[in-house]
1. Counting only residues that are on the phi > 0 side of the Ramachandran plot and assigned to a helix (DSSP H, G or I), how many does region 175-185 have?
2. Scan region 59-68 for residues that are open to solvent by 90 Å² or more (accessible area, probe 1.4 Å) and either farther than 27 Å from E118 by Cβ or not in a helix (DSSP H, G or I) (or both) and jot them down.
3. For L120, indicate whether it is open to solvent by less than 80 Å² (accessible area, probe 1.4 Å) and either closer than 23 Å to D185 by Cβ or at pLDDT 95 or above (or both).
4. Quick check on my filter: what residues within region 158-174 are open to solvent by 100 Å² or more (accessible area, probe 1.4 Å), outside any loop (DSSP other than H, G, I, E, B) and under 19 Å from R189 (Cα atoms)?
5. Can you pull out the residues in region 63-102 that are in contact with a helix residue (DSSP H, G or I) (Cβ under 9 Å, 6 or more places away or on another chain), among the charged types (D, E, K, R) and modelled with pLDDT of 85 or more?
6. So if I check each of E140, E135, which one is at pLDDT below 95, in contact with a Pro (Cβ under 6 Å, 6 or more places away or on another chain), in a helix (DSSP H, G or I) and not hydroxyl-bearing (S, T, Y)?
Amino acid sequence: MRVVQGVETDYDTDLFAPIVKEIHSHLIVGLKELQTKERSTIWTIADHLRAIAFLLSEKIVPSNEGRGYVLRMLIRRTHWHGGRLFWNRETDEQRTHREPFLSEMVTSVIKTYRGVYEDLGERRRFIVEALEAEEKRFAETLDLGNKQIIAEFRRLAERGEKIVSGDFAFKMKDTYGYPVELLADIAKREGFSIE
């Protein structure tokens, strides 16, 4: 498709460009200021957002089992990745993990594909509402998880330790649905590492 349309990447084709453009519209920093890693993150969000829209259009709902679990993890991972991008570098304020934003962006997927996949257009309201509800649940999960992480960091600091155990990371993932990547990012910022 990229070759046929004469563009540089798959994400510049008419199947992805509107989605990528929508994601860019939510960025606080300009497109030219983005690093290569951040561009890759935008492409990941675009790809995941497309998958999320199609799964929701099939009336698969986020859950802890089977296809619903895959959908839940896609939403949470995409929300987390997006949260890392949508922040103000001057004030260090992150929009992340608090407000739903994927539910705002998913309409670009629906507009791009509804001509071929009618279910996307017909189930637009369901898709947006289900995605927003899951994002809100994930924000609550992150809040609960953050309290556990702060307590663990204090406990480790009091003992003079700098390594977060694999057991704790597993507990955060299994009990709270807290992504290991997010835990690793927070740990690194606070001077800890994960076993």
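1. Result for region 175-185: 0.
2. Hits for region 59-68 are K59, N64, E65.
3. no
4. Correct list: E158 only.
5. Residues satisfying the conditions are R67, R72, R76.
6. Matching residue, one of E140, E135: E135.
The values are calculated or read from the model by the stated rules, or taken from the named source; none is laboratory data. Owing to the predicted nature of the structure, the values given are computational and were not obtained by experimental measurement. Every residue, glycine among them, receives a Cβ derived from its backbone with ideal geometry; neighbour counts consider all protein chains shown. Side chains included, ligands, DNA and RNA excluded: accessible areas come from the protein's heavy atoms. Shrake-Rupley method; radii C 1.70, N 1.55, O 1.52, S 1.80 Å.
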